[in-house]
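Asks: This is the structure, below, for whatever I ask next.
The values are calculated or read from the model by the stated rules, or taken from the named source; none is laboratory data. Because the structure is predicted, anything quoted here is derived from the model rather than measured. So basically every Cβ, Gly included, is an ideal-geometry build from the backbone, and we count neighbours across all protein chains shown. Note: accessible area is taken over every heavy atom of the protein model, side chains too, but ligands, DNA and RNA are not part of it. Shrake-Rupley method; radii C 1.70, N 1.55, O 1.52, S 1.80 Å.
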Amino acid sequence: MAQFESSIKQIPYPQQNVYNMLSDLSNIERVKDKIPEDKLKDVSFDKDSISVGGTPVGTISMRIIEREEPKTIKFESENAPMSFNFWIQLLPTSDTASKMKLTIKADIPIFLKGMVSGPLQEAIEKIADALAMIPYESVHSA
């Protein structure tokens, strides 16, 4: 298993707000226009799953498999060329701010590791950047 981690992103919103928004992916629809187009291309989602198109390996889909309020949201690959887990970790830095880190653990065949490691690391950074730009105004959990 190969592991890739984003850098830690500071978010100027409380941990609970961020968790409430990201634990129900349909909330992202409301803020989609606030995320730069180059950060969010060919993306579709519902409450528990998200699909991202236009990747070097085609469309990739993930489904939420575990929610640990208010600190962790875990995903598992569904439609992807390799199996992987993805999770979002949230920690409070104050009453009004938090920090986030994304992690991917992927089962990459050894002969592909050199080809996909760079793009995967770049992808997780882009996702983290996009998530850090979302305005996490008060959202109620489902």
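Asks: Take ALA130 and tell me if it is surrounded by 13 or more Cβ atoms within 10 Å (Cβ to Cβ), touching a residue at least 40 places away in the same chain (Cβ under 8 Å) and among the aliphatic types (A, V, I, L, M).
Replies: In short, yes.
Asks: Looking only at the range 84-95, filter to residues that are open to solvent by less than 50 Å² (accessible area, probe 1.4 Å) and touching a residue at least 60 places away in the same chain (Cβ under 8 Å); which one of those is nearest to PRO12 (Cα to Cα)?
Replies: Checked the range 84-95; the qualifying residue nearest to PRO12 (Cα to Cα) is LEU90.
Asks: Among the residues of the range 15-24, are any modelled with pLDDT under 90 and either β-branched (Val, Ile, Thr) or open to solvent by 30 Å² or more (accessible area, probe 1.4 Å) (or both)?
Replies: no
Asks: Cβ-Cβ under 6 Å, sequence separation 6+ or interchain: first residue in the range 96-118 and over 16 Å from LYS71 (Cα atoms), partner of a type in the set (Phe, Trp, Tyr). Which pairs?
Replies: Final answer for the pair search is ILE104/PHE4; ILE104/PHE84; ILE104/PHE86; ALA106/PHE84.
Asks: Of all residues in the range 107-121, count the ones that are exposed (fewer than 13 other Cβ atoms within 10 Å of the Cβ) and outside any helix (DSSP H, G or I).
Replies: 2
Asks: If you don't mind, there's one more thing I want to ask. So if I check each of PRO81, PRO135, which one is surrounded by fewer than 19 Cβ atoms within 10 Å (Cβ to Cβ), more than 28 Å from PRO12 (Cα to Cα) and not aliphatic (A, V, I, L, M)?
Replies: That would be PRO81, the only listed residue that is surrounded by fewer than 19 Cβ atoms within 10 Å (Cβ to Cβ), more than 28 Å from PRO12 (Cα to Cα) and not aliphatic (A, V, I, L, M).
Asks: Kindly establish whether ILE65 is assigned to a strand (DSSP E or B) and β-branched (Val, Ile, Thr).
Replies: Yes.
Asks: Report whether or not ILE104 is open to solvent by less than 50 Å² (accessible area, probe 1.4 Å) and modelled with pLDDT of 85 or more.
Replies: Taking the combined requirement at face value, the residue satisfies it.
Asks: So, in the range 36-70, how many residues would count as being among the charged types (D, E, K, R) and either buried (at least 17 other Cβ atoms within 10 Å of the Cβ) or at pLDDT 70 or above (or both)?
Replies: Residues meeting the conditions: 9.
Asks: While we're here: Output the residues belonging to the range 107-126 that are closer than 21 Å to ASP48 by Cα and either touching a strand residue (DSSP E or B) at 6+ places or on another chain (Cβ under 6 Å) or modelled with pLDDT of 90 or more (or both).
Replies: ILE124
Asks: Another question about this same structure. Return the residue satisfying two criteria in turn: it lies in the range 1-20 and is in a loop (DSSP other than H, G, I, E, B) and of a type in the set (Gly, Ala, Ser), and of such residues it is farthest from LYS74 (Cα to Cα).
Replies: Filtering the range 1-20 for residues that are in a loop (DSSP other than H, G, I, E, B) and of a type in the set (Gly, Ala, Ser), the one farthest from LYS74 (Cα to Cα) comes out as SER7.
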